[in-house]
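Structure, as structure tokens:
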Amino acid sequence: MTEHLDKLPFEDYCKTIFNKDALFDKPESLNGYRVLSCTQYILGPCAAAYLGELGAEVIKIEVPRLGEPMRHCSPYNETWFYPVSRWNPGRGTSPAFQGANHNEYFVTLDYRKPEAKEIFYNLVQKTDAMVWNYRPGTFDRWKIGYGACKEVNPRIVLAWCGGFGGFGPGRNWASYDILGQAKGGVFSFTGHRAGRASAGFPSKHTTWIMDYSIGMLVSTAMLAGLYWRDTVSGVGNYFECSQVQGSTRYTEYALPLWGRSGIVRMRWGNWDTEICVNGICACGLSSHPHSDHPAEKEEGYICVQAYTDEDFGKLMNLIGRPDLGKKYHTHDDRVEAKAQEEIYPAIEEFLKDKTKEEANRIFTTKGIISQPLVTVLEAANTDHWLERGALGWYDDPYYGDVFTQKVMYKMSESPPRLKHVHRPVGSDNEEIYQRVCGLSSEQIREMEAKEVI
């Protein structure tokens, strides 16, 4: 088999070893590990869900009956995933909930009730790792913090992730994704470019990108903690991850630039402060002029890249502005702000009677790198993502056909996979509390009636 693979062209080799139709025929990297997800919203849940994609048994604990707030507080609230629980069959779960809660078991528990603590510690005793993102000190006030968990299970790897961290002057400041970007300094240079008399104005990322990306760092740290426990120390680990501190990581060179030179990086919109041409340009025509859908009716945009002297000259000749090619022949000349303010409008003048697809064909024919900006609808129908299994329809065991993101990376021997998008609140109470905690069906029904679980 190996000899056969080695003779394949690289593309066929990758298709074979990463075959998306054979994911469930292979073992899982984290099979046998159990993770408790005591989380809500996005940051904490996705950190646990990433481990679930790799095969860990992730048990998500939610508030009895209604579940965590993210099921009810995002756009297009409760439009599809019914019911939210068997106690509330008329309410549903927002589609935004699914992206951070793949592959999990869903149980309910009211941490504050005395009867719940015994159940919680029972779970902790049989768990490898746990993540929570309640406000700093909340679990300690409820007498179920790391100190208490460590007494029950010295091998547990526990991660707390939240806004500003567990210590420091701002530890009690409220935070969520957009506040994290604001406090970390990212908004100081993301947004519309500065004008002659202003510094421009900021633009937030519409999705919860800070939560999802920092959640990935949390899951990476949890893997490191498990590795250290299993191969070095034999004991667990407690760590925290501040969402806002993660935001400061995304300021990239702005901080050392200020530290060395005193220069404060400012907003430069859809252009690039480091290379030119490398930016987003507006086209004048819609790709779907007869559509009633706003996402299709709008005029298109295209990324254009021609930063070498040779490519810049070709681009200027193509758009009928060889004079700019001569005027800004060297990159040092054209990367200056005043130069860009002349170059990009000239490109957009060339594009004013073209769609983004027409512009891309013209640029590609002439050897200019370009990429039309696609809508979500266009991305969902892109052959590349569908063939790779990055996006697509998934026949969820509970909700049926769901179009969703799948796992983003490939592994040849123990690949990650999507098993289900999520489940109703408390849908796994029976299985988990019986199998893991040894409770009887009668005990489970009694505690559900009291809303302990």
Among DSSP beta bridges whose residues both lie in the chain, state the antiparallel percentage, nearest 5. 45
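Would you calculate a helix-derived [θ] at 222 nm for the chain, using -39,500 (n - 2.57) for each DSSP H run of n ≥ 4 and dividing by the full residue count, to the nearest 500?
Working: 20 runs with 166 residues, N = 453.
Calculated mean residue ellipticity at 222 nm is -10000 deg cm²/dmol.
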Can you give the extra length, in nm with one decimal, that the chain gains between GLU118 and LEU8 once fully stretched, where that is 0.36 nm per residue apart less the Cα-Cα distance? 33.9 nm
Area of HIS384 that stays accessible when all protein chains are in place (1.4 Å probe, Å², to 10): 110
Tell me, what is the 1.4 Å probe accessible area of MET222, in Å² to the nearest 10? 0
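Filter the chymotrypsin sites (Phe, Trp or Tyr not before Pro) in segment 24-120 to those in DSSP coil with at most 10 other Cβ atoms within 10 Å of their Cβ, and list the result. Could you put the intermediate results ahead of the total?
Numbers: sites: PHE24, TYR33, TYR41, TYR50, TYR76, TRP80, PHE81, TRP87, PHE97, TYR105, PHE106, TYR111, PHE120; in loops: TYR33, TYR41, TYR76, TRP80, TRP87, TYR111.
Passing sites in segment 24-120 are TYR76.
Pairs of lysines 8 or more apart, or on different chains, with alpha carbons under 22 Å: count those in segment 24-138, would you?
Details: LYS60/LYS113; LYS60/LYS117; LYS60/LYS126; LYS113/LYS126; LYS117/LYS126.
Going through segment 24-138 pair by pair, I get 5.
Leaving out ligands, DNA and RNA, and with a 1.4 Å probe, what % of the accessible surface on segment 1-134 is carbon or sulfur? Before the final figure, lay out each step's value.
On the way: 3130 of 5880 Å².
Carbon and sulfur: 53 percent of the exposed surface of segment 1-134.
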Tell me the carbon and sulfur percent of the accessible area for segment 201-316, rounded to whole percent, probe radius 1.4 Å. 58
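With every protein chain kept in the model, how would you rank GLU341, GLU387 by accessible area, 1.4 Å probe, largest at the top? Don't skip to the end; give the middle numbers.
Details: GLU341 50, GLU387 105 Å².
Largest accessible area first, the list is GLU387, GLU341.
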In nm, what is the difference between 0.36 nm times the number of residues separating HIS293 and THR207 and their Cα-Cα distance? 28.9 nm
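Would you be so kind as to identify all helices of the chain, as entire DSSP H runs, whose Cα atoms reach 18 Å or more along the helix's own axis and whose mean Kyte-Doolittle hydropathy is at least 0.5? Show your work: numbers first, answer last.
Numbers: long enough: 209-228 (29 Å, 1.19); 337-351 (21 Å, -0.22).
What comes out of the filter, once short or polar helices are dropped, is 209-228.
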Any aspartates and glutamates with Cα under 17 Å of the LYS356 Cα? List them, leaving off those in the same chain fewer than 8 positions away. GLU296, GLU298, GLU299, GLU348, GLU378
With label points built 7 Å along Cα→Cβ from the Cα atoms of ASP333 and LEU257, find their separation and express it in nm. 2.4
Any aspartates and glutamates whose Cα falls less than 16 Å from that of LYS327, other than same-chain ones fewer than 8 residues away, would be ASP309, GLU310, ASP311, GLU336, GLU341, GLU342
Label-point separation in nm, ASP309 to VAL376, each point 7 Å along Cα→Cβ: 4.6
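Hey, what's segment 166-303 come to in accessible area per residue, 1.4 Å probe, Å²?
On the way: 8110 Å² over 138 residues.
Heavy-atom accessible area per residue stands at 59 Å².
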So which aspartates and glutamates can LYS183 reach, going by Cα to Cα under 20 Å and dropping same-chain residues fewer than 8 places off? ASP211, GLU240, GLU252
Which Cys in the chain stand alone, with every other cysteine's Cβ at 4.7 Å or more from theirs? CYS14, CYS38, CYS46, CYS73, CYS149, CYS276, CYS281, CYS283, CYS303, CYS437
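Probe of 1.4 angstrom, ligands and nucleic acids ignored: what's the accessible area per residue over segment 1-155, in square angstrom?
Details: 7150 Å² over 155 residues.
Dividing the accessible area of segment 1-155 by its residue count gives 46 Å².
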For the chain, what does the relative contact order come out to in percent, with C-alpha contacts under 8 Å and a separation of six or more? 19
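Rounded to the nearest 5, what is the percent of antiparallel bridges among the DSSP beta bridges in segment 1-109? Numbers along the way, then the final one.
Details: 2 of 10 bridges.
Expressed as a percentage, antiparallel bridges in segment 1-109 total about 20.
Quickly rank 410-420, 370-380, 59-69 as a protection proxy: mean count of other C-beta atoms within 10 Å, highest first.
Working: 410-420: 17.2, 370-380: 14.6, 59-69: 21.3.
Listed from highest to lowest mean packing, they are 59-69, 410-420, 370-380.
The values are calculated or read from the model by the stated rules, or taken from the named source; none is laboratory data. Keep in mind that what you see is a predicted model, and the values were worked out from it rather than measured. We place every Cβ from the backbone using ideal geometry, glycine too, and count neighbours over all the protein chains shown. Surface areas here come from the heavy atoms of the whole protein model, side chains and all, with no ligands, DNA or RNA. Shrake-Rupley method; radii C 1.70, N 1.55, O 1.52, S 1.80 Å.
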